[in-house]
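Chemist: Pasting in a structure now, in structure tokens, and then I'll have a few things to ask.
Every number here is computed from the coordinates shown, using simple stated rules; none is lab data. As the structure is a computational prediction, the values presented were derived from the model and not from experiment. Backbone-built Cβ (ideal geometry, glycine too); neighbour counts: all protein chains shown.
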Amino acid sequence: MSDQAAYDLECTNITKDFGSIRAVEDVSFEIPSGSFFSILGPSGCGKTTLMRMIAGFENPTSGDIRIKGRSVLDVPPNKRNVKMVFQHLALFPMMNVYDNIAYGLRCAGTPKSEIEGKVRDVLDRIALPDVAQREIHQLSGGQKQRIAIARCMVLDPDVLLLDEPLGALDLKLREAMKIELKLLQHQFNTTFVYITHDQSEALVMSDHVAIMNNGRFEQIGRPEALYHNPATSFVAGFVGDSNRWKGKVAEVKSDSARVETDAGLTMICKRRKGEELNAGQTVEIFVRPEFITAQKAGSAANADNTLTGTVDSVLFNGANSRVLVRGPSAELIEADVVVTGGAEDLRQGDGVCLSWAAQQTMCFAG
Ligand code: ATP
């Protein structure tokens, strides 16, 4: 196939067993050319194993991997046009920036006359035109990140794999690098596949995110879709903050269900398209904090769901405050809420009325 393939990378029914351990199970996805794709999941879910199979360091037990439309199962890592940036960056400390970037070109036998132009070009593109002669230890953490990416991009890969490259940075630099990485991906217009367990990194940078759990992909989607329409309770719990309750379905209607929670509350939930719900079924309920309105107790709340409680604490958070509320049952319930509509003066111990819509009450069979 030619470079005109619609997808830079396609994985079809990939499974990987290490003896009796199934690290990756029946994973399929494809990545359109020039996009930023993240694989997000908790430690041990199989992200690195999947990445190593794409790079060619491991073979799948079954399934196929295609790069630009061509199966690469028989292609060794150094012959796949895939490059990888690791968390420790793996820059050569004894070489200056120029030699670090030129190294791969020299190994590939690129004529000397072309190397300088390519190195200069990639340094311009990462907005570090003047660091060629610097030693690696003379670079900041952010500059090292960019040089590690430049060293891969100078080889013009079809796909760049990034294995938690921001993990070793301090919080402030990590925040800045998230935006930087997205801009770099855009600048090179090359497909980036980024693995992380940090949802804020994945959501900010990616065109599409795959949520991985126990070796399987639970959902692939745009960040907004994963946040607002999670397909499973795992995705709902892993992406974004949520209040969670366990309960049993009491009544099912066409577009809603009434649930009695284990803590003795009654809640009206949205029925998700295609999901079968039956009376008596065990379910888990998720409500995002920002969809809950907090008002002083005694205020009239006209909503599908209401709950009275006492303010446990108020966490100032810039534009919003998040209020933690103890619910009415013997078993304490906490609800985080973003304060809206005149409740800014809520204090610890105040009586409070929380309300939210059934439409914002996600319910998953347990
Ligand atoms: P982390 O975020 O902690 O790096 P991960 O999501 O990348 O985790 P993997 O490293 O891919 O997860 O591991 C997935 C599972 O496969 C784990 O249970 C791990 O112990 C197992 N595993 C990985 N490599 C091997 C191996 N070479 N031999 C045996 N088991 C392995």
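Chemist: Subtracting the Cα-Cα distance from 0.36 nm times the residue separation, let me have the gained length for N78 to S20 in nm, one decimal. If you can, show how the numbers build up before the last one.
Modeler: Working: separation 58, 0.36 × 58 = 20.88 nm, distance 2.92 nm.
Taking N78 through S20 to full extension adds about 18.0 nm, to one decimal.
Chemist: Pick from G69, G274, G237: which is most flexible by mean-square fluctuation in a GNM of the chain where alpha carbon atoms under 10 Å apart are linked?
Modeler: Result: G274 has the largest fluctuation of those listed.
Chemist: Once you have the Kirkwood Rh of the range 135-288 from its Cα pairs, apply Stokes-Einstein at 25 °C and 0.890 mPa s and quote D in µm²/s.
Modeler: Values: Rh = 18.3 Å.
It diffuses with D of about 134 µm²/s by this estimate.
Chemist: While we're looking at this one, here's another question. If every alpha-carbon in the range 242-294 counts as one equal scatterer, what log10 I(q)/I(0) does Debye give at q = 0.17, 0.22, 0.26 1/Å?
Modeler: -0.50, -0.81, -1.06
Chemist: How large are Rg and Dmax for the range 1-125 when calculated on the C-alpha trace, in angstrom?
Modeler: Using the Cα atoms of the range 1-125, the pair Rg, Dmax is 17.1, 52 Å.
Chemist: Measuring from label point to label point, each 7 Å out along Cα→Cβ, what is the A297 to Q348 span in nm?
Modeler: 1.8 nm
Chemist: Each residue of the range 242-249 in order: what ³J(HN,Hα) in whole Hz does its phi give by Karplus 6.51 cos²θ - 1.76 cosθ + 1.60, θ = phi - 60°, with x for Gly and Pro?
Modeler: These are the phi-based 3J(HN,Hα) values: 8, 7, 10, 9, 9, x, 10, 5 Hz.
Chemist: Further, regarding this structure: Over 23 Å between Cα atoms, which of K83/K118; K144/K182; K182/K270; K248/K273 qualify?
Modeler: Working: K83/K118 17 Å; K144/K182 16 Å; K182/K270 35 Å; K248/K273 19 Å.
Correct reply: K182/K270.
Chemist: What is the log10 of I(q)/I(0) for the range 110-214, computed with the Debye formula using one identical point scatterer on each Cα and no solvent, at q = 0.16, 0.18, 0.19 Å⁻¹?
Modeler: Summing over Cα pairs of the range 110-214 leads to -0.75, -0.92, -1.01.
Chemist: Among G247, G167, G280, which one moves the most in a GNM of the chain with springs linking Cα atoms closer than 10 Å?
Modeler: Answer for the Gaussian network model of the chain: G280.
Chemist: For the range 202-244, which semi-axes, largest first and in whole Å, follow from the square roots of 5 times the eigenvalues of its Cα gyration tensor? Could you put the intermediate results ahead of the total?
Modeler: Values: eigenvalues 44, 36, 14 Å².
The answer is 15, 13, 8 Å, longest axis first.
Chemist: If you don't mind, another one. Determine one quarter of the surface area of the Cα convex hull of the range 4-77, which equals its mean projected area, and express it in nm² to one decimal.
Modeler: Details: hull surface 20.1 nm².
The Cα convex hull of the range 4-77, projected and averaged over all directions, gives 5.0 nm².
Chemist: Same structure, new question: Rank Q199, Q185, Q348 by mean-square fluctuation in a GNM of the chain with C-alpha springs under 10 angstrom and give only the top-ranked residue.
Modeler: Q348
Chemist: Hey, another quick one. What do you get for the angle between helix 112-125 and the principal long axis of the chain? Use alpha-carbon atoms, 0 to 90 degrees, nearest ten.
Modeler: 20 degrees
Chemist: Taking the alpha-carbon distance from K16 and a cut-off under 18 Å, which lysines remain once sequence neighbours fewer than 8 residues away in the same chain are dropped?
Modeler: Of all the lysines, those that pass the test against K16 - Cα under 18 Å, at least 8 places apart if same chain - are K47.
Chemist: Then there's this: Ignoring everything except DSSP H segments at least 4 long, calculate the 222 nm mean residue ellipticity for the chain; use -39,500 (n - 2.57) per segment, divide by total residues, nearest 500. Mind showing how you got there, number by number?
Modeler: Details: 8 runs with 84 residues, N = 366.
Here the helix-only value at 222 nm equals -7000 deg cm²/dmol.
Chemist: Extent of the chain along each principal axis, from alpha carbon coordinates, in Å, largest to smallest?
Modeler: 79, 45, 36
Chemist: Might you report the magnitude of the Cβ-based charge dipole of the chain about its Cα centre, with Lys and Arg at +1 and Asp and Glu at -1, to the nearest 20 debye?
Modeler: Charge dipole of the chain: 420 debye, to the nearest 20.
Chemist: Show me, for the range 64-71, the HN-Hα J-couplings you get by feeding each phi into the Karplus relation (A = 6.51, B = -1.76, C = 1.60, θ = phi - 60°), rounded to Hz, glycine and proline as x.
Modeler: 10, 10, 10, 10, 6, x, 10, 5
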